[in-house]
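Undergrad: Shown below is the structure under consideration.
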């Protein structure tokens, strides 16, 4: 579990609810079914219209990454690459077949399979870089779904506020309803701006950083495979791969 995301979510709720209490508005002022319908459902509708089905579904598939990002242990990856390199030097490329059968990562497994099959290094690089680019692009587009939600939510909040004020204008003859009506109207604005800046936009940016980290780890694996294909010394390989570790 990512402690920063958990802490951020808790602090966002504290800021919103605590601020409402300290300002004297109270928690009840944040509860408004009409504002919920306009902002939440309206924002979701905008995203559905904008986003292709596969991208939208993939976005919610990778969403849990902000709480539990895929673990990329670079130290363990480097050690594994060095071990593969030593095996290849002692037993030849076919000696890597047992490692191929045990490899859990699909990207590394595919690259290792090409290596064992005797594919030329440049062909391995060309094929795997294309797959890496395709995967990164698909994940980044999915992360941008939350960016879009963050753009639409404030606008829907304004629409909700305007609709609320229209309802208030209809009750000008009854001053007792004006204060409550105006307060309820602006609740939609709080929903829209709060969701965008406390949740949707931060989620999109965090997912993008996680995707970049994943791609960098995959690039390191690819460089290791290429180096093994070119017969590079295991010690030199280890030094080379450590340059990927920040």
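Undergrad: Consider residue 139 carefully, then state whether it is out of contact with any strand residue (DSSP E or B) (no Cβ under 6 Å at 6 or more places or on another chain) and either surrounded by 14 or more Cβ atoms within 10 Å (Cβ to Cβ) or under 28 Å from residue 226 (Cβ atoms) (or both). Break it down stepwise before answering.
TA: On the way: out of contact with any strand residue (DSSP E or B) (no Cβ under 6 Å at 6 or more places or on another chain): yes; either surrounded by 14 or more Cβ atoms within 10 Å (Cβ to Cβ) or under 28 Å from residue 226 (Cβ atoms) (or both): yes.
Yes; evaluated as a whole, the condition is true for this residue.
Undergrad: Against the condition under 27 Å from residue 9 (Cα atoms) and touching a helix residue (DSSP H, G or I) at 6+ places or on another chain (Cβ under 8 Å), how does residue 55 come out, does it pass? Outline the logic, then answer.
TA: On the way: under 27 Å from residue 9 (Cα atoms): yes; touching a helix residue (DSSP H, G or I) at 6+ places or on another chain (Cβ under 8 Å): yes.
Criteria met by residue 55.
Undergrad: I need the full set of residues from the range 216-240 which are surrounded by 17 or more Cβ atoms within 10 Å (Cβ to Cβ) and closer than 29 Å to residue 142 by Cβ, in order please.
TA: 217, 218, 220, 221, 222, 223, 224, 225, 226
Undergrad: Then there is this: Being outside any helix (DSSP H, G or I) and free of Cβ contacts under 8 Å to residues at least 40 places away in the same chain is the filter; apply it to the range 90-118 and report the residue that is surrounded by the fewest Cβ atoms within 10 Å (Cβ to Cβ). Steps first, please.
TA: The initial filter retains those residues of the range 90-118 that are outside any helix (DSSP H, G or I), namely 92, 103-105, 117-118.
With the extra rule that they be free of Cβ contacts under 8 Å to residues at least 40 places away in the same chain, the set shrinks to 92, 103-104, 117-118.
Numbers: 92: 10, 103: 18, 104: 6, 117: 11, 118: 9.
Filtering first and then ranking leaves 104.
Undergrad: If you don't mind, another one. I'd like to verify a number: residues in the range 66-89 that are in contact with a helix residue (DSSP H, G or I) (Cβ under 7 Å, 6 or more places away or on another chain) and not in a helix (DSSP H, G or I), how many?
TA: 4
Okay, residues lined up against (1) farther than 24 Å from residue 76 by Cβ; (2) at pLDDT below 90:
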site: 186; (1), (2): yes, yes
site: 197; (1), (2): yes, no
site: 203; (1), (2): yes, no
site: 208; (1), (2): yes, no
site: 211; (1), (2): no, no
site: 229; (1), (2): no, no
site: 240; (1), (2): no, yes
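Undergrad: How about the range 1-15: which of its residues are under 22 Å from residue 188 (Cα atoms) and either exposed (fewer than 15 other Cβ atoms within 10 Å of the Cβ) or in contact with a strand residue (DSSP E or B) (Cβ under 8 Å, 6 or more places away or on another chain) (or both)? Reasoning before the result, please.
TA: Residues of the range 1-15 under 22 Å from residue 188 (Cα atoms): 9-15.
Result: 10, 11, 13, 14, 15.
Undergrad: Here's a follow-up. Just to be sure before I move on: is residue 27 within 27 Å of the chain's Cα centre (by Cα) and without any contact (Cβ under 8 Å) to a residue 60 or more places away in the chain in the structure I sent? Reasoning before the result, please.
TA: Details: within 27 Å of the chain's Cα centre (by Cα): no; without any contact (Cβ under 8 Å) to a residue 60 or more places away in the chain: yes.
Against the criterion (within 27 Å of the chain's Cα centre (by Cα) and without any contact (Cβ under 8 Å) to a residue 60 or more places away in the chain), residue 27 does not qualify.
The values are calculated or read from the model by the stated rules, or taken from the named source; none is laboratory data. Everything quoted here is computed from the prediction, not taken from an experiment. FYI the Cβ positions are ideal-geometry reconstructions off the backbone, even for glycines, and counts take in every protein chain you see.
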